[in-house]
Amino acid sequence: MLIYALRRIAGLVPTLFVLVTLSFFIIRLAPGGPFDQEQALPPAIRANLDAAYGLDQPLLTQYGRYLSDVVRGDLGPSFRFKDFRVTELIAAGLPVSLTIGFAAMLLALLAGVPLGAYAAWRADSWAARALMNFSLLGVVLPAYVVGPVLALVFGIYWPLFRVAGYEPGDASFLVLPVITLALPVIAYLAQLTRSSMQEVLQSNYIRTARAKGLSAPVLLFRHALRPALLPVVSYLGPAVAFVLTGSLVVETVFGLPGSGRYLVQGALNRDYTLVMGMIIVYGVFTLVCNLVADLLYGWLDPRVRPG
Amino acid sequence: MKGRMRAALIVLVLLAGLALAAPWLTPYPHDTLDWQHQASPPSIESMHWLGTDRLGRDLFARGMQAMRVSLLIGVLAALVSVCIGVAWGAAAGYVGGRVDAAMMRFVDIVYALPYIFIVIILSTLFPRGSIAALFIAIGAVGWLTMARIVRGQTLSLRRREFVDAAIASGVRTPAILWRHIVPNVAVPVIAYATLNIPQMILFESFLSFLGLGVQEPFASLGSLISEGAQEMESSPWMLLVPAALLTTLLVAFNVLGESLRAMLESPHE
C-alpha cells in the first residue's frame with residue numbers, strides 16, 4: 001500500500017510537467033502581451049520593460065527560467081499588479097477560496113449522502129421522487145444561474161443574508177456562496193448514493209441481514225452504507241475540482257476577494273505569470289485530491305488494493 | 001421514460017423554432033436602443049414582450065439571438081468533439097499496443113486537469129468575440145469521454161470476424177476504421193453526443209458570463225445573466241429571463257440525452 005501510494009505520488013510529477021508546459025506555450029501563442037495598452041508605450045520604455053521581465057529572451061530560455069523558478073516555489077512577478085509576486089497575490093486570496101470550498105464540500109457530503117440514502121430506502125415515496133426530480137435541476141444548473149437567483153430571493157426580497165462583499169469573521173457573507181457552490185454537488189451525490197444504495201439493498205447479504213431481524217438503522221449504517229459509498233468516494237476527486245472551478249464563478253457573483261478572479265483577470269490582461277500560477281496551484285489541488293480519493297477507495301474496497 | 005423524452009423533444013423543437021422565428025415576432029432588432037423604454041419591465045403595450053435592458057435593448061430579441069448562438073455553438077462544438085473523440089478513440093483502440101497506451105495516457109492527463117482552465121486558456125488564443133474560434137476551443141476539450149467510449153467499443157470490435165475478413169481481403173487500415181469500425185460505434189456515440197450538447201452550451205455561457213466569450217453587440221445567455229445580475233435589485237426580469245431560458249434549454253437537452261442513453265442500455269424496457 002505504501003509503495004503504491006509513493007508510486008502514485010511520483011506519477012503526479014510528469015502530469016504536472018505536462019500541465020505547466022502546455023499552458024506556458026499556449027498562453028504565449030495568444031495575441032497581445034501584458035504591456036499592450038490603449039496607447040502604445042514608447043519603444044525605449046517597452047524595450048526596458050521587456051528586458052526587466054525577461055520577455056526579450058528566446059521563448060525556450062524563458063521557459064527554462066520559469067521552470068527552475070517554479071521548482072523552487074517562486075511563481076514569478078505579476079506583470080500587471082506591479083510590485084507583487086504571483087505567490088503573494090494567490091496566497092492573499094486562497095484562504096477565502098479554501099474556506100468556501102471546504103465548507104461547500106462538507107455541506108455537500110453531510111446533505112447529499114443522507115438524502116440519497118433516504119431516497120433509496122423509501123424509493124416509492126413521493127418525497128423521494130420529488131427529491132430525485134429536484135436533483136436533476138441541481139445537477140444541470142450552473143452556479144452563475146443559481147447564485148444570482150439565490151441572491152435575489154434570500155438577499156433582496158427576503159433579506160436574510162448579505163449578497164456581496166466580505167468582512168473577515170462575518171459568516172453571513174459566506175452562507176449564499178457556500179450553498180450555491182454546494183448545490184450541484186449535493187444533487188449529484190444524492191443521485192450517486194441513491195443508485196448505489198439501491199443496488200446494495202438488493203444484494204444477498206442484505207437480505208440475510210434483514211432475515212436475521214436487524215433493525216433498519218443498523219442495516220443501513222453498519223452494513224449497506226460502506227459498500228454503497230464506493231462510487232461516492234471515487235467522485236470526491238472530481239467534486240473537489242468542480243468546487244474549485246466553481247468557486248471562480250461564485251467569487252465573481254458574490255464579489256468575494258478570493259483567488260479565483262485572478263485566473264480570469266490574468267487571462268484578459270495577458271498577465272502570463274498570474275495565469276500560470278493559478279493553473280499550477282489549482283492543478284496541484286485537483287491532482288492531489290484525485291490521488292487522495294483513489295487511495296481512500298483502496299482503503300474502503302480491499303478488492304482494488306494492489307497485492 | 002418515453003413520455004419524458006417526448007416532452008423534452010417538444011420543448012427543444014419549440015425553443016429552436018421560437019429562436020429562429022424571433023426576428024418576425026418582434027419589431028425590435030437585438031442591438032437597437034429604444035430611448036423611450038430603458039430598463040422597462042415586460043409589457044404587451046410597448047411590444048417589449050420580455051422587457052428591455054438598461055440601455056433600452058429588447059430582451060426578447062436579445063434572448064432569442066443569444067439562444068441561436070447557444071444552439072449553434074452547442075451543436076457545432078459537440079460535432080467537433082465527436083469528430084476528434086471518434087478519430088482518437090478508434091485509432092487508439094484499433095492500433096493498440098504502445099500507441100494505444102500513449103494516446104490514452106494523454107487522455108488521462110488532460111482529464112485530470114480542470115478543463116475550465118483549458119477552455120479559458122484556449123479562448124485567449126483567438127481574437128475576442130470570434131464565434132467560430134469559440135466553438136473550436138470548446139469542442140477541443142469536450143472529446144475526452146467520447147474517445148474513451150469509442151476506444152472501449154473498438155477494442156472488442158477489432159477481434160470480430162468481419163474485421164479479419166477485411167484485413168485478409170487487403171483493405172487498408174484507414175478504410176477499415178472508416179467503413180467497419182466507425183459505423184459500429186455510431187449508436188453510443190449519438191447518445192453521448194446528445195449529452196455533450198448541453199455541456200458545450202454551458203461552456204459557452206460560462207465564458208460569456210466571465211466576459212471571455214461572445215462580445216457586444218451580440219448577446220449570449222451567459223452575458224445576459226451577468227448583466228442581469230448587476231441590475232437585479234431594480235429590474236429582476238433582466239436576470240430571470242435569460243436564467244429561465246438557459247435552465248429550460250439545459251434541462252431539456254439533459255432529459256433527452258439521459259432517456260436516449262437509458263434506452264440504449266436496456267432496449268427492451
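The values are calculated or read from the model by the stated rules, or taken from the named source; none is laboratory data. Small disclaimer: the values here were computed from a predicted structure and weren't measured. Counting neighbours? That spans all protein chains shown, and the Cβs are built from the backbone with ideal geometry, glycine included.
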Answer yes or no: is there a residue in segment A:72-82 that is of a type in the set (S, T, N, Q) and out of contact with any Phe, Trp or Tyr (no Cβ under 7 Å at 6 or more places or on another chain).
-> no
From (1) surrounded by 13 or more Cβ atoms within 10 Å (Cβ to Cβ); (2) in contact with a helix residue (DSSP H, G or I) (Cβ under 7 Å, 6 or more places away or on another chain); (3) assigned to a helix (DSSP H, G or I), pick out the condition that doesn't hold for residue A:226.
-> (1)
From the options B:250, B:260, residue that is in contact (Cβ under 8 Å) with a residue 40 or more places away in the chain and within 14 Å of another protein chain (Cβ to nearest Cβ) = B:250
Of the conditions (1) within 14 Å of chain A (Cβ to nearest Cβ); (2) of a type in the set (Asp, Glu); (3) out of contact with any Leu (no Cβ under 9 Å at 6 or more places or on another chain), the single one that residue B:164 does not satisfy is (1)
Can you spot a residue in segment B:122-142 that is closer than 12 Å to residue B:94 by Cβ and either surrounded by 21 or more Cβ atoms within 10 Å (Cβ to Cβ) or at pLDDT below 85 (or both)?
-> no
Pairs returned, first residue in segment A:236-258 that is assigned to a helix (DSSP H, G or I), second residue that is modelled with pLDDT under 80 and among the hydroxyl-bearing types (Ser, Thr, Tyr), beta-carbon separation under 6 angstrom, 6 or more apart or interchain, are A:241/A:286
When every residue in segment A:190-223 that is touching a Pro at 6+ places or on another chain (Cβ under 8 Å) and among the aliphatic types (A, V, I, L, M) is compared, the one surrounded by the most Cβ atoms within 10 Å (Cβ to Cβ) is A:192
Mind checking whether some residue in segment A:119-135 is out of contact with any Leu (no Cβ under 6 Å at 6 or more places or on another chain) and farther than 30 Å from residue A:235 by Cα?
-> no
What's the number of the condition residue A:234 fails, among (1) over 24 Å from residue A:295 (Cβ atoms); (2) surrounded by fewer than 23 Cβ atoms within 10 Å (Cβ to Cβ)?
-> (1)
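Here's the yes/no breakdown for (1) away from every other protein chain (no Cβ under 12 Å); (2) under 30 Å from residue A:196 (Cβ atoms):
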| residue | (1), (2) |
| --- | --- |
| A:242 | no, yes |
| A:246 | no, yes |
| A:251 | no, no |
| A:270 | no, no |
| A:273 | yes, no |
| A:290 | no, yes |
Any residue in segment A:30-44 that is within 14 Å of chain B (Cβ to nearest Cβ), among the acidic types (Asp, Glu) and over 16 Å from residue A:275 (Cα atoms)?
-> yes
Residues within segment B:143-178 that are part of a helix (DSSP H, G or I), surrounded by fewer than 16 Cβ atoms within 10 Å (Cβ to Cβ) and not acidic (Asp, Glu), tallied | 11
Mind counting the residues in segment A:15-52 that are of a type in the set (Asp, Glu) and either at pLDDT 75 or above or surrounded by 14 or more Cβ atoms within 10 Å (Cβ to Cβ) (or both)?
-> 1
Need at least 3 residues that are farther than 17 Å from residue B:214 by Cα and among the aliphatic types (A, V, I, L, M) per element, so show me which helices (runs of 4 or more DSSP H) inside segment B:23-136 make the cut, counting only ones lying wholly within it.
-> B:59-95, B:97-112
Test for residue B:220: is it under 17 Å from residue A:249 (Cα atoms), more than 10 Å from chain A (Cβ to nearest Cβ) and either modelled with pLDDT under 85 or crowded, with 23+ Cβ neighbours inside 10 Å (or both) = yes
In segment B:191-217, which residue that is assigned to a loop (DSSP other than H, G, I, E, B) and surrounded by fewer than 21 Cβ atoms within 10 Å (Cβ to Cβ) is nearest to the other protein chains (Cβ to nearest Cβ)?
-> B:211
